[in-house]
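Quick notes on the structure that follows.
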Ligand code: SF4
């Protein structure tokens, strides 16, 4: 199935002409692109349609808010197109185009003219991975790797499979949502996946569905095609205002994903990326939606974690009460922070770790008794994981 791509807002007749003029200013700053299949999923009768919000620019994207590289990914870019933040994991940014551009993208800087963080020539990245034996896990990302030609993907996957220490290869892609025919219509890609996803070294698809309406029969066929060609599937997506900030919507998404063999893996707190203010959901609201949605799903979907991809690591939001918020490093840039548990004052408006105010170490020490081992860092008060259960009993200051 051949899809038609649209990069000019004027081509979308459903948007009134005066609005299109204003939105063109937005698309000059943050790239716009979608295809006729995804356009067809929009319900134009609903001015707040979540699919519309996902891909059609909004005027308030131009508000002065956030940073283009909110997690400072540039800092962990070791060679062009390669990020190495956690010991065993490398990211290969091998494409700077996507099937459509999500308005809330945290890597929208890649689609801007002067950015060179994603590269088509990944040879330096492959060399870095080959020379770094502790890297066992490589994520192909970008942009969308599945927009590369199958020939180029073959070169990358075969090169990675030739590196003995690389075990897991993950492909981060929203193509199953934007264009399921990318896999359905390409027997060469299917054969490549079968060859490179072996019984002892699997390929994983990190799919990206944000809303249950993206799970069309064709998208489900697409996921089935990945599975039948030996790929393990799971899903990750952010919680987004105007798209999925509703516990019933999230529950339906998580349930359906687990039914089709693509269970949810991470729900992300949205990064405070420039242009993304319209989609910002406070951490506490996100946590409440996550917990409520989980009440309505089965065990496989409940394995999901609610995390924040912060500059210092992947931080799980593990609990909230009337006074405090409890966070824990799920993965840490600094190995000393691995598993570190932190307590912050409850803040119902905070959208990011940097907005939070740590509970003072002395205060926690007084509450827990001198025998508790405490540590603190720039990010906040940290209590070692083994005392997490007692930490929740901390009282008001
Ligand atoms: S698919 Fe991912 S990388 Fe591409 S625009 Fe959407 S969020 Fe950004």
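Measure off 7 Å from each Cα along the Cα-to-Cβ vector at residue 36 and residue 232, then give the distance between these two points in nanometres to one decimal. Computed distance between label sites residue 36 and residue 232 equals 3.9 nm. If you bin all the Cα-Cα distances of the range 5-58 at 10 Å, starting from zero, the percentages per bin are 24, 63, 12. The slack in the chain from residue 195 to residue 4, taken as 0.36 nm per residue of separation less the alpha-carbon distance, amounts to 65.7 nm. Using 0.36 nm per residue and subtracting the Cα-Cα separation, the extra length available between residue 296 and residue 113 on full extension is 61.5 nm. Here the contact order of the range 73-311, divided by its residue count and restricted to Cα pairs under 8 Å and six or more residues apart, works out to 15 percent. Here the Debye sum runs over all C-alpha atoms of the range 73-311 as equal scatterers in vacuum, and log10 of I(q)/I(0) at q = 0.12, 0.15, 0.16, 0.18 Å⁻¹ comes out as -0.67, -1.07, -1.22, -1.49.
Full extension of the chain between residue 127 and residue 346 yields a length gain of 74.3 nm, computed as 0.36 nm times the residue separation minus the alpha carbon distance.
Each residue, residue 221 and residue 158, gets one label point 7 Å from its Cα in the Cβ direction; the gap between the two is 3.0 nm.
Taking a point 7 Å out from the Cα of residue 11 in the direction of its Cβ, the residues of the range 93-112 whose backbone N falls within less than 15 Å of it are 98-101. Using only the alpha-carbon atoms, how far is helix 17-29 inclined from the longest principal axis of the chain? Give it as 0 to 90 degrees, nearest 10. So the helix axis and the longest Cα principal axis differ by about 70 degrees. Both the radius of gyration and Dmax for the range 230-347 are 14.5, 47 Å, in that order, over alpha-carbon atoms. Dividing the summed -39500 (n - 2.57) terms of all DSSP H runs of n ≥ 4 by the residue count of the chain sets its mean residue ellipticity at 222 nm at -8000 deg cm²/dmol. Listing 111, 32 from fewest to most neighbouring C-beta atoms within 10 Å gives 111, 32. Over the range 139-263, the alpha carbon radius of gyration divided by the compact-protein estimate 2.2 N^0.38 Å works out to 1.06. Axis of helix 217-228 versus longest Cα principal axis of the chain: the two differ by about 80°, to the nearest ten degrees. Run through all the Cα pairs of the range 39-175 and give the fraction in each 5 Å bin from 0, expressed as whole percent. P(r) for the range 39-175, in whole percents per bin: 2, 10, 18, 20, 17, 13, 9, 6, 4, 1, 0. Looking at the chain alone, DSSP beta bridges between its own residues are antiparallel in about 55 percent of cases. Taking the inverse of the mean 1/r over every pair of distinct Cα atoms in the range 1-110 gives a Kirkwood hydrodynamic radius of 15.9 Å. Remark: 330, 165, 310 ranked as 165, 330, 310, counting other beta-carbon atoms within 10 Å and listing the fewest first. Take every Cα pair under 8 Å whose residues are at least 6 apart in sequence, average their separation, divide by the length of the range 154-251, and the relative contact order is 30 percent. Going from the fewest other Cβ atoms within 10 Å to the most, the residues 211, 84 appear in the order 84, 211. Compared with the dominant Cα axis of the chain, that is its longest principal axis, helix 187-196 is turned about 40°. Rounded to 0.05, the FRET efficiency of the residue 303 and residue 21 pair, given R0 = 56 Å and the Cβ-Cβ distance, is 0.75.
Read-outs: derived from the displayed coordinates by stated rules, not from any lab. Please read these numbers as outputs of a predicted model, since none were measured by experiment. Cβ coordinates were reconstructed from backbone atoms using ideal geometry, including for glycine residues, and neighbour counts include every protein chain displayed.
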